[in-house]
Amino acid sequence: LIMTITTMDGSVVRAAGPKSVLRLTVVFNNVPHVPGLTEGWGFSCHVAGLKKTVLFDTGAGGRVLLNNMMRLNLDVNEIDAVFISHIHSDHTGGLDALLSHRSAVDVFIPESFPLPFRQAITGTGAQVTRIGTGRKLMENVYSTGEMGDGMIEQAMIVDTAKGLVVITGCAHPGIAFIAEKAMALTGKRIHLLMGGFHLAGMPRSEIQAVINRLRALGIEKVGPSHCTGESAMALFRQAWGDNFVEAGLGAVIELLLS
């Protein structure tokens, strides 16, 4: 894994090597990282380097999302697809504003999303792809499919030269369960697990049990943020050490795709 930070003046520390590079940029988050960006409760990650550029979730509001993208030199008109993890507004709130600027996209949503939500998307001219069971969406990209009994959620999987990159919105079905689902679907190990882990407010013993379960799965690197909670993030940082990846707002993570 090659981690880089893009500063507000556009300079890059530790640029990635040659070949095809996957570049993940956190564009909406309540966890700060790069100064000069607007924080907000929610999550969104720009995924570039694939044949199609994907925006994972859209945060809670379009103004903040688009402003942060502009500050990070990311062009909204280059987005080809939007992957929505679940229906909570802190992950879907920026979608309307995004589609008003860029409607020539395919929006991947869980199959159980209500009809009015789907109609609002198609009304902009965008395409909707409903995801039920886990499957391949495009080259190198998969969905875990719908998971959970209460809040239904899907996670995005990117197959890279180092292993799987799994991006979660809030991990309502359980972060360890999601990791297991991604590995079972692809038959591959996870190189990086990042996003919201939904552990805020959990007792330390329960957080430690989740960490132990993820360690047993052999997950190499973790980048928790958003709804993970400060206490849980500290425990993850301690457990993974140098393999803890900063995934707050403005963080840029690069690794070889192939």
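What follows draws every value from the coordinates through simple rules; no lab data is involved. Note that this is a predicted model, so its numbers are computed, not measured. Glycine also receives a Cβ, built like all others from the backbone with ideal geometry; neighbour counts cover every protein chain displayed.
When the chain is treated as a GNM, springs tying every alpha-carbon pair under 10 Å, which of Gly40, Gly169, Gly59 comes out with the largest mean-square fluctuation? Residue with maximal mean-square fluctuation among Gly40, Gly169, Gly59: Gly40. Between Ser231 and Phe177, the simple spin-label model (points 7 angstrom out along Cα→Cβ) gives 2.2 nm. Extending 7 Å from Cα along the Cβ direction at Arg135 and again at Ser112 yields two label points whose distance is 1.9 nm.
Taking amide H as placed 1.01 Å from N in the peptide plane, the amide H of Ser225 sits under 5 Å from that of Gly195, Gly196, Phe197, each at least 5 places away or on another chain. Rounded to the nearest 20, the size of the Cβ-charge dipole of the chain about its Cα centre is 520 debye, with Lys and Arg at +1 and Asp and Glu at -1.
For the chain, rounded, prolate or oblate, judged on the Cα gyration tensor with a ≥ b ≥ c (square roots of eigenvalues), a/c < 1.5 rounded, else prolate if a/b > b/c?
Values: a/c = 1.35, a/b = 1.14, b/c = 1.18.
Rounded is the answer for the chain, as its axis ratio a/c remains below 1.5.
Taking the DSSP beta bridges with both ends in the chain, the antiparallel portion is around 60 percent. Only beta bridges with both residues in the stretch 123-212 are counted; by DSSP, about 70 percent of them are antiparallel. Descending by average beta-carbon neighbour count within 10 Å, the peptides 153-165, 122-134 line up as 153-165, 122-134, the highest first.
Were the residues from Met151 through Ser20 laid out at 0.36 nm apart, the gain over their Cα-Cα distance would be 43.6 nm.
Just order 199-206, 44-51, 137-144 by mean Cβ neighbour count inside 10 Å, highest at the front, would you?
Numbers: 199-206: 13.1, 44-51: 20.9, 137-144: 19.4.
Those peptides, ordered most packed to least, come out 44-51, 137-144, 199-206.
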